[in-house]
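Worksheet: the structure to be examined is printed underneath.
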Amino acid sequence: MRHQTELLAPAGSFESLRAAVNAGADAVYIGGTRFGARAYAENPDEKGLCEAIEFAHLHGCDLYMTVNTLLKDSEMEELGAYLKPYYESGLDAVIVQDMGVFSYIRENFPDLDIHASTQMTVLGAEGAEFLKKQGAARVVTARELSLQEIRRIHDTVDVEIESFIHGALCYCYSGQCLMSSMFGGRSGNRGRCAQPCRLPYQLKGDGKLLGKKGEEYILSPKDMCTIEILPEILEAGVCSLKIEGRMKRPEYTAGVVRVYRKYLDHYLEYGGDKYRVDPKDYGELQALYNRGGFSRGYYQVHNGRDMISLTRPSHFEEKGKKAMQEKQRYEALLQEIRKEYLDRDKKETIEGSFRISLDGPSELAVRYRDAEVRVEGEPGQVPKNQPMTEADIRKQLMKTGDTPFIFGKLAIQMDGDIFCPNGQLNRMRREALEKLTEQCTAGTHRASGDIRKLLTCNGAGGDTDKKAQKPGYFPLLVQLERAEYLPEVLDFPEVQAVYLTSEKLDFERLPEYVNVCHRAEKECLLVLPAIFRTPARRWFEERTELIKQAGLDGLVLKNLEELEFVKNQGLELPLIGDHNLYSWNQEADTFWKKQGITRETLPLELNDRELKERGARDAELIAYGYLPLMTTAGCLHRTVERCDQKETVRMLIDRYKKEFPAVNYCRYCYNVIYNSEPLSLLNNKEEVERLAPEALRLCFTLESRKEIRRILKDYTEVFCGGAPCRRPEYSYTKGHLKRGVQ
């Protein structure tokens, strides 16, 4: 691996980058003006970012650029030209979420390292192995992973592992959150999250409010601080220790980096036996920023009440003498950090040698790491009065001024009594340091070749070169959470296939369900879990043979782990990519097809115009269902009540009194918070016909038998029977079909 250990700092601006480098970061991640997951940071422009790359490299730091959002087709056309100047300036790596972006960079910038973003929701060794095969140099793990799960990745896959060690935690698995998007069109997948999880909510169950008064911040995790368990994280196999905080001020970045730098260096020198954290240093981290205290994240626990703020998350107490003292300490700390790390840049120690004689040119050589330059000057002169001493020459050459260098060792060789004008010494020093700077920053510059132009299909995805289909007729696919409702679904001949979700499925009866579907002339597919971590992997390992023999017609996959898992287990079935395997652009569409995905699910956040541009060939459109706003390791049932390992449906109530169903799926130990209203495209027949997807999927999770039958009747009449579109009788949302996201 390239890095044994690396302290990786956030930078939301050039000033933050300087602060991070000056405080001792080994690498910095920063966004440009486009395509980064912190769209509201003060990201530098092209010139500024190229200067940032040179600044970082001069001080021995790597610089990684975030390209970790999902891109629309129109944006993909701009990607190559956007990356080109940074690539040529020596950018060390890009952090990527979109597999279309990934494959495009791999083809056009083959020697540029790609780091798989935490937005990819890498949950285990299978996902890491898949990305390694695609060419990822590093995976950034989901923040929810335990030390044991990270250790399994390290022991199984030869890939660098980067994990968050400090800063804010999302309540939802990164990359799986649609809450901000559905609430106001500001998508977390586009770097514009409005952080609705930081707002107050109540939980209702069995018709009554649950929990204590004043504990309404049940979706707001405390910030993570792992300084006390740093040795355990390193020994689990993490090589890059990542600090969160690109939206925070430069003083925060510098302050957090200097504390972690101190303890990382201590561990590297002495090991874990003598590792102790000074309470003053822990207190300094708390003073810089926290939301009502710290947690150690998910490294040692799967979830828990102690990880959640509960009360209004605030850095300081709101009032009183203690609050004033905290604020005074905070301001004093910021002033100290600014003076140390922002008012001046760090100096890099160089070595030099100066030789002067009467018989030939004088010479100054300077060395820094692998770089060395030599500058010649005029021969020495016979002194007219007092000869120069070694101290005189040393004093003049050591004046490195505003340059980024300072001499550590400077050897001086003089042949007898001699004189050299100060102007010549100054010129030689200035020229040598300028050339050294150029050599240090030019070493990573690259030349780029031709960049492939992306071609758009201009809606060709709507063409139907597939099997013959009556105009205006769309086969229906029904996703069903409760298998006992199969009779309601099988009564409709327009239903082509049934997707059985695995969260509550009685697996022993799976062959029976498949046979029932086949007798009704319908396909039967199994939907794998939204989160495929250790409990899910073990569950499916134990039932692989049952699945092979059940006669299934396919599998629906929701994450990278499952794609690699089914191949490793020899499950040779048609594979459907769910909306979680994001496919916002044609480049991603092509990528997934190469991985064996026979049919995709159209993205939930694109509008009808964008979907048309992307194309809907070999894709299905979700036309009904309660959409998952959040999929979480955190458990509301446990936080507000207690963990009794019983699945419940609670209602999460926001400040506008809207109710969002929250379900804890105990089999795989994750929660899903659903939207308050189901998506319905029943009144959007014209838009659906223009898109011409291969099929429409109706997702049933919370509906009763009666509701399922009524909804199926409506959809068969409108989309299969030629009836005009109609407004549903229930409260509903059109999702992003018309508005899309920013």
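Tabulated values for the structure
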read-out	value
5 angstrom amide H check on Ile622, placed H, neighbours 5+ away	Leu602, Arg697
Over the chain, relative contact order from alpha-carbon pairs under 8 Å, at least 6 apart, %	15 percent
Cleavage-rule hits (GluC sites (Glu not before Pro)) in region 105-214: DSSP loop, at most 14 neighbouring Cβ within 10 angstrom	none
Cα-based helix-to-principal-axis angle, 321-337 vs the chain, degrees rounded to 10	50 degrees
Vicinal HN-Hα couplings computed from phi for region 574-589 (Karplus, 6.51 cos²θ - 1.76 cosθ + 1.60; Hz; Gly/Pro x)	x, 10, 10, x, 6, 5, 5, 7, 4, 9, 7, 9, 5, 5, 5, 4
Relative exposure of Asp608, Asp618, judged by other C-beta atoms within 10 Å (fewest first)	Asp618, Asp608
Over 32 Å between alpha carbons, listed pairs Lys706/Lys734; Lys327/Lys658; Lys248/Lys504; Lys212/Lys321; Lys84/Lys399; Lys222/Lys658	Lys327/Lys658; Lys248/Lys504; Lys84/Lys399
Length gained when the stretch Glu647-Lys321 is fully extended (0.36 nm per residue, less Cα-Cα span)	112.8 nm
Nonlocal amide H pairs with Leu627, under 5 Å, H built at 1.01 Å	Asn675, Leu679
Helix 46-58 axis, angle to the chain major axis (alpha carbon atoms, nearest 10°)	60 degrees
Between 0 and 90°, nearest 10: helix 279-288 axis offset from the chain longest Cα axis	70 degrees
Cα-projected label distance for Lys339 with Trp539, points at 7 Å along beta-carbon direction, nm	5.8 nm
Burial ordering of His166, His302, fewest other beta-carbon atoms within 10 Å first	His302, His166
Separation of the Lys657 and Tyr275 label points, Cα + 7 Å toward Cβ, nm	5.2 nm
Hull shadow area, averaged, the chain [alpha-carbon convex hull, nm²]	37.1 nm²
Förster-model FRET efficiency, 25 Å R0, Asn683 and Lys706, C-beta, rounded to 0.05	0.75
Largest-first ellipsoid semi-axes for region 348-442, taking √(5λ) over the Cα gyration tensor eigenvalues, angstrom	24, 13, 11
For peptides 662-675, 620-633, sequence by mean Cβ density within 10 Å, most packed first	620-633, 662-675
Rg and Dmax of region 651-742, Cα atoms only, in Å	15.4, 43
Helical mean residue ellipticity (222 nm; -39500 (n - 2.57) per DSSP H run of 4+; nearest 500) of the chain	-9500 deg cm²/dmol
Which listed pairs, of Lys395/Lys435; Lys47/Lys133; Lys242/Lys593; Lys713/Lys738, have C-alpha distances above 28 Å, in listed order	Lys47/Lys133; Lys242/Lys593
Computed over region 348-442: relative contact order in percent, which uses C-alpha pairs under 8 Å that are six or more apart	37 percent
Mean Cα-pair separation over length for region 521-668, i.e. relative contact order, pairs under 8 Å, 6 or more apart, %	18 percent
Residues Glu484 and Glu717, FRET efficiency given R0 of 22 Å [Cβ-Cβ distance, rounded to 0.05]	0.30
Whole-Hz ³J(HN,Hα) from phi, Karplus 6.51 cos²θ - 1.76 cosθ + 1.60, for region 10-27, glycine and proline x	x, 9, x, 7, 5, 5, 5, 4, 4, 4, 5, 5, 5, 8, x, 5, 8, 7
5 angstrom amide H check on Ser220, placed H, neighbours 5+ away	Ser309, Leu310
Residue-by-residue Karplus 3J(HN,Hα) for region 380-396, coefficients 6.51, -1.76, 1.60, Hz, glycine and proline x	x, 10, 6, x, 7, 10, 7, x, 6, 9, 4, 5, 4, 5, 4, 4, 6
Relative exposure of Thr141, Thr253, judged by other C-beta atoms within 10 Å (fewest first)	Thr141, Thr253
Nearest-0.05 FRET efficiency for Arg667 and Leu573, computed from C-beta distance (R0 25 Å)	0.70
Charge-dipole axis of the chain as Lys and Arg at +1 and Asp and Glu at -1 on Cβ define it, positive-most pick from Thr69, Leu696, Thr141	Leu696
Relative counts (whole %) of C-alpha pair distances in region 529-678, using bins that are 5 Å wide	2, 8, 15, 17, 16, 17, 13, 8, 3, 1
DSSP-loop chymotrypsin sites (Phe, Trp or Tyr not before Pro) across region 190-286, with at most 16 other Cβ within 10 angstrom	Tyr275
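Read-outs: derived from the displayed coordinates by stated rules, not from any lab. What you are looking at is a predicted structure, and each value in this text was computed from that prediction instead of being measured. Note that we place each Cβ from the backbone using ideal geometry, even for glycine, and neighbour counts take in every protein chain shown.
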